[in-house]
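Only one structure is covered here, and it is reproduced in the block below.
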């Protein structure tokens, strides 16, 4: 009996060690020919014939992280590189955080409409700034629950109540 248990344990350990083998991929490897790297947070859209800057995108976009983009890229381009805003994004409160030369921090607020209709705005001050090195684009938002989510929550509560009532009935009967 002890020998069969030992053999069983050895077989399980052998299977676990074979199943735990690491895939032969490089970090940042271009697996499917795309320029996106869903495993990490660094994306390179640099242009070899232009000056490139490093910026960050955080918040409710598809691919958050750090980006290397050409200096002629706009905020709309950067938002597009990040996969666009998700459905939970608050597009009325986009922000760019910028660290100035004197180590102070500036926050520039604008909306998605300012981004889309920038050329038609008739103000003397630009609402959407030109990207600079070190800028951080923040797309705020909050999660939204859909019918499926509400249904799942209420069914979980309902099943707990039924389980508790069955437990109470079983305790009372005995």
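Values as computed for the structure displayed
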read-out: Residue ranges of strands (runs of 3 or more DSSP E) in segment 37-96 with at least 1 members within 24 Å of residue 144 (Cβ to Cβ); value: 52-59, 65-70
read-out: Only listed residue being in contact with a helix residue (DSSP H, G or I) (Cβ under 9 Å, 6 or more places away or on another chain) and more than 22 Å from residue 58 (Cβ to Cβ), chosen from 167, 145, 91, 131; value: 145
read-out: Of residues in segment 62-84 being in contact with a helix residue (DSSP H, G or I) (Cβ under 7 Å, 6 or more places away or on another chain) and within 21 Å of residue 114 (Cα to Cα), the one surrounded by the fewest Cβ atoms within 10 Å (Cβ to Cβ); value: 76
read-out: Set 31, 22: member being out of contact with any helix residue (DSSP H, G or I) (no Cβ under 9 Å at 6 or more places or on another chain), surrounded by 10 or more Cβ atoms within 10 Å (Cβ to Cβ), part of a loop (DSSP other than H, G, I, E, B) and at pLDDT below 90; value: 31
read-out: Matching residues, segment 101-130, being surrounded by fewer than 10 Cβ atoms within 10 Å (Cβ to Cβ) and either at positive phi or at pLDDT 80 or above (or both); value: 101, 102, 103, 104, 105
read-out: Test: residue in segment 102-117 that is touching a strand residue (DSSP E or B) at 6+ places or on another chain (Cβ under 9 Å), in a helix (DSSP H, G or I), over 17 Å from residue 60 (Cβ atoms) and in contact (Cβ under 8 Å) with a residue 12 or more places away in the chain; value: yes
read-out: In segment 46-57, the residues that are farther than 17 Å from residue 115 by Cα and either within 17 Å of the chain's Cα centre (by Cα) or touching a residue at least 12 places away in the same chain (Cβ under 8 Å) (or both); value: 46, 47, 50, 51, 52, 53, 54, 55, 56
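The values are calculated or read from the model by the stated rules, or taken from the named source; none is laboratory data. In this text, all values refer to a predicted model and were calculated from it rather than measured experimentally. Backbone-built Cβ (ideal geometry, glycine too); neighbour counts: all protein chains shown.
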